[in-house]
Amino acid sequence: MARTYRRGTWRAETQDGTPIPYAQATVWDAADGGSQVTDLRQLDGVTVIPDGILTCDEWGYIALDGWVDPADTPHLYIIGAPDGVIPGVGRVHLVPADVSPRIASVETQQAGTDARVSALEDSRGAPGGLATLDADGQVPTAQLPESLAGGVTGMLDVSAYGAVGDGATDDTAAIQAALDDAGAAGGGLVWVPGGVYSVQTGPLRIYQGTHLWLAPDATIRRDAATTMIVNGDAGQSLGGYDGHGDITISGGTWDANGASITDNNMAISIGHARNVTIRDLRILDVPGYHGVELNSTHTGRVINCSFLGFTDFSGTRGFSEAVQVDGAYRSSVFGAFGPYDHTACIDILIQGCYVGPSGTPGAGPWGRGIGSHSTAPDQPHRNIRVISNEIDSCGEYAVGAYCWAESIVSGNTIRSCGAGIWWRSLDSTKSADQQYPDGTSITGSQPLPGIVISGNVITGTGAHNDGITLEGESTGALQYATVTGNMLLNIDPTGVENGIRLIHLHDSTITGNTLRSVGGTGISTEACDGVTISSNRLRAINGAGITLIDSLSGCVVDGNTLTLIGENGLWAQGGNDVVWSGNVIVGAAAGGGTYYGIRITSFASHHTVSGNRIRQGAGAITDAISITSSCDHIKVWGTHADAGRIVVPSMNGTSETWNSTTSANQPAAVTS
């Protein structure tokens, strides 16, 4: 039979591999010597190739598509020379294209090519296949794969692991498989397309370096009595901040389904981690515990999230926060895993979030918005920043900053909560919070420095507590606080709660705040030392305006404006080395009764009262200034009053200079 040889089985090239264009090759029946084969024909088997000379193309390949040896010579050899000789170059043995192994190889390649062509043709216009461009040359959205609709590649799509997202199928294992693969790879992006994914055998577990990203129309729903997701395994023992970190959870909805699955659990729980971001997601109807817990976390971010709805079927969790900042103090505080090495949180930012009710039947508002309710000796949380959040209708505090040092609460809008902002040093009545990891305990509390509360708007609080409370103890004073530029409106207006309440606060400034319609005292202090209260504006206060109760020393009350104060305008009960200067009081005693513009009592010592303006206004002041005889070393001068007498008793070290007034009925100062 005739043997067929295909083009491309031979190429003329130099010794360094450079092709020889248009080389003339001849074919021989032996590797050396022998006879030239001259009856070669083209593939049609009829057309003779002149003299059996094959001419190469410009790339050095045989120019013909193929050729035939009619004589079926057993072996053919080719060389780029008409006479069969190139010094130092041997002839190349040719293998026919029609021998069985070569035929099988070609057929396999062709079948593979045909299959690929067929698959590409089938995929035309389908997601993940060949796109059919629209009139603008763009790929239509319908032809994009779901996992690529956001323009991101290289992700682990939970639907590829078998997640259905129909709201009925248990998708726990499929989502977990994707999270496991990301964890095994040292990190990755896990994508959850649109749908409702039922988690019936949780919790889900997320590992180092993983970004879990939900589509905007994706919901992961808690359908079992477990926390929804934690960062790591129950048996792990990774202390400090060395657990699974570099984690991001973003997008979509986490439905904790607390009105139906009522056991107390959390949505997202993070512990012993570094670099965690939770953002742009919605958490619904959490039962009993928290929407997000950042426990023993360094560099955590909760940004642009919504926390809607809370359930408390046990009736014991009114203090639960939507976002909790906590430490690895004990298993009752953080049950996901140990160790309980008292690691606190550092560098936490909670910004741009909303906390409020969901409207789900059976679910109500949160107990608290953002905060903490446990601690340990020497382990306050540090650099916590709660900025520009909106907190609505909490039963207790909007922000509860328990043992937060060097931290900021700023620019938040707080509406219709039981109380506004509460800052507290270690509570010595909580014995569990006084214990070290080895079981030994401290006595009393511990000082807590570094507090900024600024630019918050707090409206319509209820009877749980004050608008802003800074509460220390004698063994654990709050130190170095700035409370400035806050607006407090309708603070328990028909009750007794205070606008701003300061207890055991040292070396701090309360300045530039606006308070209107407060049920109790406007700014109330107790056992404070070195506190300046200045340039605040108070109006329609049912109780006293500003009080210093048992102040230690060095307090200054300066440049405040008080209007329509129900009881005393300024009131000191005890304390020493206090300055009252430049205040304007209009209409104290507005609620009737025996009250004064400025009242100093209870063994107060070394107070200076100067340059104040006291007007009767709509009030019924008994006296402009009243100082009781238990006090000593009180200096009063420069007062301008049209609101009754200045009563200064005879006492050691007292002087009084009365500036004239145009009020005809203004009596001279009375010494009693």
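Structure data summary
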{"item": "Cut-off 9 Å between beta-carbons: net charge of the residues surrounding residue 293, Lys and Arg +1, Asp and Glu -1", "result": "-2"}
{"item": "Inter-probe distance in nm under a simple model that places probes 7 Å from Cα toward Cβ, at residue 168 and residue 2", "result": "6.8"}
{"item": "Surrounding net charge for residue 577, when Lys and Arg each add one and Asp and Glu each subtract one, Cβ distance under 15 Å", "result": "-4"}
{"item": "Alpha carbon centroid spacing (whole Å) that separates region 1-79 from region 224-289", "result": "73"}
{"item": "541, 627 arranged by Cβ crowding within 10 Å, fewest neighbours leading", "result": "627, 541"}
{"item": "Two-site label geometry, residue 15 and residue 41: point separation in nm, points 7 Å out along Cα→Cβ", "result": "4.1"}
{"item": "Difference of contour (0.36 nm per residue) and Cα-Cα distance, residue 430 to residue 584", "result": "51.2 nm"}
{"item": "Dipole magnitude of region 1-98, debye to nearest 20 (Cβ charges: Lys/Arg +1, Asp/Glu -1, about Cα centre)", "result": "120"}
{"item": "Net charge of Cβ neighbours under 11 Å - reference residue 424; Lys, Arg +1; Asp, Glu -1", "result": "-3"}
{"item": "Listed peptides 629-640, 367-378 by packing density, highest first (mean Cβ within 10 Å)", "result": "367-378, 629-640"}
{"item": "Cβ crowding within 10 Å averaged over residues, with 587-595, 15-23, 407-415, 108-116 ranked highest first", "result": "407-415, 587-595, 15-23, 108-116"}
{"item": "For residue 469, distant residues with modelled amide H under 5 Å away", "result": "421, 422, 423, 501"}
{"item": "In nm, spacing of pseudo-spin labels at residue 122 and residue 225 (7 Å Cα→C-beta vector)", "result": "4.9"}
{"item": "Ellipticity estimate at 222 nm from DSSP helix runs (n ≥ 4, -39,500 (n - 2.57)) divided over the chain, nearest 500", "result": "-2000 deg cm²/dmol"}
{"item": "Modelled FRET efficiency - R0 41 Å, residue 494 with residue 313, Cβ distances, 0.05 increments", "result": "0.85"}
{"item": "Residues in region 410-449 that a label on residue 487 would reach, taking backbone N under 16 Å of a point 7 Å out along Cα→Cβ", "result": "410-416"}
{"item": "For 155, 266, order by how many other beta-carbon atoms lie within 10 Å, fewest first", "result": "155, 266"}
{"item": "Packing-based ranking, highest mean first, of 293-306, 599-612, 69-82 given that Cβ atoms within 10 Å are counted", "result": "293-306, 599-612, 69-82"}
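Taken together, the values in this text are just the output of simple stated rules run on the coordinates, not laboratory data. Every value quoted in this text rests on a predicted model; they were computed, and no experiment measured them. Please note: Cβ atoms are built from the backbone with ideal geometry, for glycine as well, and neighbour counts cover all protein chains shown.
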